[in-house]
Structures are given as structure tokens and as C-alpha cells.
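Supplied in C-alpha cells, the structure appears directly below.
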Amino acid sequence: MSGKNVVFALLAVGLMVACISENPKKERKPVAKAVRTVTTPQFSSDSAYQYIQDQVGFGPRVPNRPPHDSCAKYLQDKLKEFGWQVQVQKAKLTAFHGGKLRSQNIIAQFNPDSSRRILLCAHWDTRPFADRDSVRQNDPIDGANDGASGVGVLLEIARQIGLKNPETGVDIIFFDSEDYGRPQVGAEMYQQFSQGTSDWCLGSQYWAKNKVPANYRAKNGILLDMVGAKGATFLKEGISRRYAKSFLNKVWDIGAELGYGQYFVKRMFGEITDDHVFVNQAGIPCIDIIQWDEKRSQIGGFGKFHHTHKDNMDIIDKATLKAVGQTVITVVYRRI
Ligand code: AHN
Ligand code: ZN
């Protein structure tokens, strides 16, 4: 067939298709669905702060201890109150010392039938010891920042979503047993256990291998970890860039656009083993918004409270909660 004939043939087929698909009532439906924009709600840092205080009020949320069970119930009740569908994934997970942890991943869905989805997640358990402190190293920490802050921000986002539909699917997972990694002190005595797998992030590792809902998919994910400390900075983390580079850049751009550029610093830092590693391995490109202090990077940049008893309500700052919360809720409502 000559070039001209190919064009004619294609035109003829095109005409036939047009005739077949002609609407008998002559009312053609618009080809593309109009994309409605929904204005982003105002994130309340007072409310997020209260949800952090509520969690800390139960006591340290260490697996197998009573405050952990009370807090699990609180989180489910809150999500249900805000109009979300809630499921709990229970499992007995093996800790670095060989003991079992009664773990609960708390999974909530909004607009469960939407095919376009975003996943928001944070760990809700707290570290069973204060191995980076110089006092009371064997006592569990409050985990106001490391644990409660990410959950507090997501509960406030869940409340806002319940009040105004973002017209996209949103899922929240509160992962359990993230912070049960072997202590720095005396680590040698546990060497025979859990070789080859990470003893951190046990809940997200379990979820990644046993997804709930089954065959779960989302366009992107955001993990929040240590997002409430006064003066925190959030740098672009290495694993996040490896799996979700353009999404990572968009989130940091929105942070700057909203006026939170001093929190969302546009520089990179290293790769962190955190729940997003396993979410990424499960096929969902997921970033980690996690505090990283460049000035402390030689000693681990997580802030001086990290895994100490200083991680209590005194270090939580509403301005930091607002910067993170408003940025993340904007990403949801703009359907980035
Ligand atoms: C490690 O320190 C190996 N990962 C950091 C993940 C973490 C701990 N997030 C909170 N606590
Ligand atoms: Zn921790």
C-alpha cells in the first residue's frame, strides 16, 4: 500500500468507528472527565498536638504491654469516628531477642472504591529502651516525636478528610513494631538472632509480605517519622529518591511553595532503613519525611532526643506539625 492509501484506509476505519459509536440521542458525552479541584482544608496543629498528647498519655506503646493495647483501640476508634473503614492486621512477630511481639498494623481506607490512591503511613509503637540516653537506659521512652508525632499528624489529616471529601482514594497505615531494633549497647549478645533480615520495621515487613487489603496498590506513599520536633529539618532521603524521585521533588516543592522552605530543605542525605523500604519493596513508590539535622549527621542526624527520655512532649512544636501537616494534606487534595 502506498503512503497515501494507508492514510485513506485509516480515515475510512476512523469514520466507521465514529459512525458505530454515534450516540443515537445526539448528546455526546464530554470525552474527558472534567477534573474538579478541591480546595485544601486548613490543617489544625492544635488538633494534631492533642492527638500526640493522647498517645503519650497511655504510656510507652511497647508491644505486649497494656498501654500498647489501649492505644491500638484509641487509634481505631478515632479513625472510625472520622468516617474511615478500619481493619487490623494482627501478627506475632519475632523480635531480635527471639521473643514474640503481639503486633497490630492498623489500616484505614477512605473512598475504598477509588482506583487512584495515595498511602500515608507512620509507625505507632515506641522504643522499649532508651539506649542512646545516659540514664534509665532500660526504661521505655515516651516517643512523643518518635512514634506519636507522625500518627498525630495523620489523625488530623484523617479528620479533615472525613469533613471534606478529597475525591481520591486515601489509605492510612499505622505500622507496629518499627522501633524494636536491637540496642546499640550489648548488641553482640543478640548476634545469633535474625541474621539477614532487619530487626527494625517488623510490622511493615510483615505487611509487605501479607498485604491488607490483598493486592493493594497506590500511586505513591508518604511515611512520616519524627515530624514534630521544634526546629526540625527534613532533607531528601536516599531510598525515597531511588524509588520515587519525581514525587519526592514535588512534595518538597509544595512545602517551599506553602512557605515551609526552612523545614523542607532541598538537599539530599543518606539512605535510612525505615518502613518505607518495605512499602517500596511491595511496589508502592514511597518517600520518607524524617528529621535529619545536617549539623549532627556525623553522629546520626536524628536530633538529640532520639532514643532518649528527652523524646517527650517538651520537644513537640506546633509550627513543625503545621509545616508537615499542611504540606502533606495539600499533596492529597491536589492529587499529586
Ligand atoms: C535506624 O536507625 C536503623 N533506622 C531509623 C528508623 C527509625 C528508628 N525511625 C524511628 N526510630
Ligand atoms: Zn526510633
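Residue-wise, which Karplus ³J(HN,Hα) couplings in Hz belong to the range 299-306, taking 6.51 cos²θ - 1.76 cosθ + 1.60, θ = phi - 60°, and x for glycine or proline?
The phi angles translate into 10, x, x, 7, x, 6, 6, 4 Hz.
What part of the accessible area of the chain, given as a whole %, is carbon or sulfur when the probe is 1.4 angstrom?
The C+S portion of the solvent-accessible surface of the chain is 53 percent.
What number comes out for accessible area per residue over the chain if the probe is 1.4 Å? Units Å², please.
Value for the chain: 47 Å² per residue.
Could you work out, for the range 44-125, what percent of all Cα-Cα pairs fall into each 5 Å distance bin, beginning at 0 Å and stopping at the bin that holds the largest distance?
Here the calculated profile for the range 44-125 is 3, 13, 20, 23, 19, 12, 7, 3, 0.
Using per-residue counts of other Cβ atoms within 10 Å, averaged over each peptide, order 141-154, 120-133 from highest down.
Ranking, from highest mean packing down: 141-154, 120-133.
If you fit an axis through the alpha-carbon atoms of helix 3-20 and take the longest principal axis of the Cα set of the chain, what angle between them do you get, 0 to 90°, nearest 10?
Between the helix axis and the principal axis of the chain, the angle is about 80 degrees.
Given H placed on each backbone N at 1.01 Å, which residues far from Ile222 in sequence or on other chains put an amide H within less than 5 Å of it?
Here the answer is Leu119, Leu120, Cys121, Ile287, since their amide H atoms fall under 5 Å of that of Ile222.
Next up: Could you tell me the calculated FRET efficiency between Lys100 and Gln53, based on Cβ-Cβ distance and R0 = 35 angstrom, to the nearest 0.05?
Working from the Cβ atoms, E equals 0.70.
With a point put 7 Å past each Cα toward its Cβ, work out how far Ala256 is from Val88 in nm, to one decimal.
The answer from the label model is 4.4 nm.
I need to check one value: relative contact order of the chain, counting alpha carbon pairs closer than 8 Å and at least 6 residues apart, in percent.
22
Of all beta bridges DSSP finds with both residues in the chain, what is the antiparallel percent, to the nearest 5?
If we restrict to bridges inside the chain, about 50 percent are antiparallel.
To the nearest 20 Debye, how big is the dipole of the chain about its Cα centre, given +1 on the beta carbon of each Lys and Arg and -1 on that of each Asp and Glu?
So the dipole magnitude of the chain works out to roughly 1480 debye.
Let me ask something else about it. Residue by residue through the range 125-139, what is 3J(HN,Hα) from phi via Karplus (6.51 cos²θ - 1.76 cosθ + 1.60, θ = phi - 60°)? Round to whole Hz and write x for glycine and proline.
Result, rounded to whole Hz: 7, 10, 5, x, 8, 10, 5, 9, 8, 9, 10, 6, 5, 8, 8.
In addition: Alpha carbons only, please: Rg and Dmax for the chain, in angstrom.
Cα radius of gyration and Dmax of the chain are 23.0, 85 Å respectively.
Then there is this: Can you tell me the equivalent ellipsoid semi-axes for the range 238-278? Use √(5λ) from the Cα gyration tensor, largest first, whole Å.
After diagonalising the Cα gyration tensor, the semi-axes are 20, 11, 8 Å.
Still on this structure: Pairs of lysines 8 or more apart, or on different chains, with alpha carbons under 14 Å: count those in the range 139-267, would you?
Pairs that pass both the separation and distance tests number 7.
Follow-up question, since we're still on this one. Using alpha carbons only, how many angstrom separate the centre of the range 218-278 from the centre of the range 102-163?
16
Please check: in the Gaussian network model of the chain (C-alpha springs, under 10 Å), which one of Val62, Val135, Val324 has the largest mean-square fluctuation.
Comparing Val62, Val135, Val324 in the GNM, the peak value goes to Val135.
Which ³J(HN,Hα) values in Hz, rounded to whole numbers, follow from the phi angles of the range 289-295 under the Karplus curve 6.51 cos²θ - 1.76 cosθ + 1.60, where θ = phi - 60° and Gly and Pro get x?
Coupling constants for the range 289-295: 9, 9, 4, 9, 9, 4, 5 Hz.
Give me the percent relative contact order of the range 40-144, please, defined on Cα pairs under 8 angstrom at least 6 residues apart.
Relative CO of the range 40-144 lands at 27 percent.
The values are calculated or read from the model by the stated rules, or taken from the named source; none is laboratory data. Being a predicted model, the structure only gives us computed values, none of them experimental. Reconstructed Cβ throughout: ideal geometry from the backbone, glycine too, with neighbour counts over all protein chains shown. All accessible areas refer to the heavy atoms of the entire protein, side chains included, with ligands and DNA or RNA removed. Shrake-Rupley method; radii C 1.70, N 1.55, O 1.52, S 1.80 Å.
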